[in-house]
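The values are calculated or read from the model by the stated rules, or taken from the named source; none is laboratory data. Note that the coordinates shown come from a computational prediction; the quantities given were computed from them, not determined experimentally. Please note: Cβ atoms are built from the backbone with ideal geometry, for glycine as well, and neighbour counts cover all protein chains shown. Side chains are part of the model used for accessible areas, which takes the heavy atoms of the whole protein and leaves out ligands, DNA and RNA. Shrake-Rupley method; radii C 1.70, N 1.55, O 1.52, S 1.80 Å.
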Amino acid sequence: MCGLSMFALQGFAQSDFQLVTQEPANAENQPAPCHPVPAERQVLWNETEFYAFFHYGMNTFTNAEWGYGNEDESKYAPLGKPDPEQWLTAVKAAGMKGGIAVVKHHDGFCLWPTATTTHSIANAGNENGKTNIPELFAQAARKLDMKYGFYVSPWDRNSAYYGTDKYVTEVFLKQCLELAEYGSDQFEMWFDGANGGDGYYGGKNTTISVDKDIYYDIPNLRARVHQIAPNCVMWGVGDEARWIGNESGYAGNTNWAMGSGESGDINGWYWKPGESDAKATSAGWFWHSTETMKSAATLFQMYLETVGRNATLILNCPPNNYGVLPTATVTQLEELGKLLNTRLGTDLAPKANIEVSEARANGATRTYAAQNMIDGDKDTYWAANDGSHSATITLTWDETQTIHYLMMQEYIRLGQRIKDFKVEYMTEDGAWKELAPSFESTTVGYKRIMPLNGSTSNYGSGYKAKALRVTILDSRACPTLHTLSVF
Ligand code: FUL
């Protein structure tokens, strides 16, 4: 008022001013983020959930796991034309949504015709060996509607420049950028933690050690790759997703998307979700004629203990010296797909009546109702009121159901919140009974699958339930869930 009359005095007409209406700060009434929160590329990465690792390269032909770097290029001579489409088709049958191809391991041999070294398929031992793996892999993934990415070893036991700045700027960075150019839609670049040690190094045959946290100039590398492939999560030393701390295919029952190791850290100050790398075969990462495939039941258990515990699972399925996945691998992968489908394929929650102890008030276009957890839409979610750190969710069926697993997913765009919960079911006599061991019922995160009998290895006969009740006992901030399923 005061200001207006002052302007009027200075010769402005009132019509020169427009009424500015202020939008309420939080028109959607969304809960405030509980930091840290993921970058969008990390959310998309998490949605890939279960994907394959394909260790294939020089070691496949020398029966090694870690080539020294002095292998003659001619030794790379596949007996057939390598077929990434066959690899990806087989893992898709197991329910995997993508794959990562090893295109340069520690021996430095590149499976594409790189400008950075002659130690590549350009000098392979036969015509099959000249097949450009990253190119075909990316094409096959797009054709099959799968995600893809590449493992490129920072450690290079072949390069004469390893340990110097020249390796970082002229070899490693350029290799990563060449690989980024194979597809702006790639979802992950895998940087191994094994860094420095003895090697050929252009004939020096010596030991070179580096400080992996600074040597590779990761901030620059990350920024340059993201310019080309914006949704490519840089794994490991790339710092956008973390190693789960073992190679046996399990994560902690408590698992935060911050911190390090099997359980993460509730106080971690940035988002670094866990990925579990594990082998589908008995011993090595690369194919060896003596290796056997793990059973579908064992792989299913790994799935429950990784994807079911807020980690992603990258399951290694090594192609053989013909450049294809062996029949035994393909068969077990099909069996795994069937098992996943039988045990986790039919969600009983959507046909239940769902009730919550509280739901926050609607926003302008959003609701936070219980129904959002069973509507099949990952972008709608239920949320409690600000200040609430506990809540109950009850599913009631018209007819008794036989139930084995509970699956929950937090709306992680607003941070990982839930710290503790319990699960009960109502028996046919109407009594409530607690299920699943309480020490396991802690974090949820991107995805949590609870075997209701507490066993990841024994399916059991299930529980005859009239209703299921989840009580969230503690949460860092008001809890959110976008999906709740029962199998
Ligand atoms: C390790 C490597 O040294 C192994 O050879 C393999 O590639 C595995 C996935 O990561 O650290």
TODO: Keeping every protein chain in place, order Leu79, Leu484, Leu136 by accessible area at 1.4 Å, biggest value first, i.e. largest first.
DONE: Leu79, Leu136, Leu484
Task: For the chain: accessible area per residue (Å², 1.4 Å) - done: 41
Task: Residues with amide H under 5 Å from that of Gly98, placed H, sequence gap 5 or more - done: Ala52, Lys147
Task: 3J(HN,Hα) from dihedral phi, the stretch 404-411, Karplus parametrisation 6.51/-1.76/1.60, rounded to Hz, x for glycine, proline - done: 10, 9, 10, 10, 9, 9, 6, 7
- [ ] Could you tell me the accessible area of Trp256 in Å² (1.4 Å probe, neighbours in place), rounded to the nearest ten?
- [x] 20
- [ ] Return the sequence-ordered ³J(HN,Hα) values of the stretch 189-206 in whole Hz as given by the Karplus equation 6.51 cos²θ - 1.76 cosθ + 1.60 applied to θ = phi - 60°, using x for Gly and Pro.
- [x] 10, 9, 10, 5, x, 6, 9, x, x, 7, x, 6, 6, x, x, 6, 6, 9
Open item on the list: Given the DSSP H assignment, sum -39500 (n - 2.57) over each helix run of at least 4 residues in the chain and divide by its residue total; what's the result at 222 nm in deg cm²/dmol, nearest 500?
Closed with: -5500 deg cm²/dmol
TODO: Please report, as a whole percent, how much of the solvent-accessible surface of the stretch 116-173 comes from carbon and sulfur atoms (probe radius 1.4 Å).
DONE: 47
Task: Protein-only accessible surface order, largest first, of Ser455, Ser438, Ser209 at 1.4 Å - done: Ser209, Ser438, Ser455
Open item on the list: Explain nothing, just the number: dipole magnitude of the chain about its Cα centre with +1 on each Lys and Arg Cβ and -1 on each Asp and Glu Cβ, in debye rounded to the nearest 20.
Closed with: 300
Open item on the list: Placing one identical point scatterer on every Cα of the chain and ignoring solvent, what is log10 I(q)/I(0) from the Debye formula at q = 0.11 Å⁻¹?
Closed with: -0.91
TODO: Could you tell me which of Asn63, Ala280, Ala180 has its Cα farthest along the dipole of the chain towards the positive end, charges placed at Cβ (Lys, Arg +1; Asp, Glu -1), taken about the Cα centre?
DONE: Ala280
Task: Accessible area of Thr442 in the full protein assembly, 1.4 Å probe (Å², nearest 10) - done: 20
TODO: Compute the semi-axes of the equivalent ellipsoid of the stretch 112-196, taking the square root of 5 times each eigenvalue of the Cα gyration tensor, and list them largest first in whole Å.
DONE: 23, 17, 11
TODO: Pop out the ³J(HN,Hα) list for the stretch 327-336 in order, Karplus 6.51 cos²θ - 1.76 cosθ + 1.60 with θ = phi - 60°, rounded to Hz; leave Gly and Pro as x.
DONE: 4, 4, 5, 4, 5, 5, 5, 5, 4, 4
- [ ] Please tell me which of these pairs span more than 28 angstrom C-alpha to C-alpha: Lys92/Lys422; Lys147/Lys174; Lys81/Lys204; Lys75/Lys204?
- [x] Lys92/Lys422; Lys81/Lys204
Task: Val237 - accessible surface, heavy atoms, 1.4 Å probe, Å² rounded to 10 - done: 30
- [ ] Return the long-range amide H neighbours of Asn29 (sequence gap of 5 or more, or a different chain), with a cut-off of under 5 Å between placed amide H atoms.
- [x] Ala364
Task: Furthest towards positive pole of dipole, Leu395, Ala384, Gly363, structure part the chain, Cβ charges - done: Leu395
Task: Under-5 Å amide H pairs with Asn316, H placed in peptide plane, nonlocal only - done: Phe53, Ala278, Lys279, Ala280
Open item on the list: How charged is the neighbourhood of Thr281? Take every other residue with its Cβ under 11 Å from the Cβ of Thr281, and add Lys/Arg as +1 and Asp/Glu as -1.
Closed with: +1
Open item on the list: If you take every residue apart from Gly261 with its C-beta less than 11 Å away from the C-beta of Gly261, what net charge results, scoring Lys and Arg +1 and Asp and Glu -1?
Closed with: 0
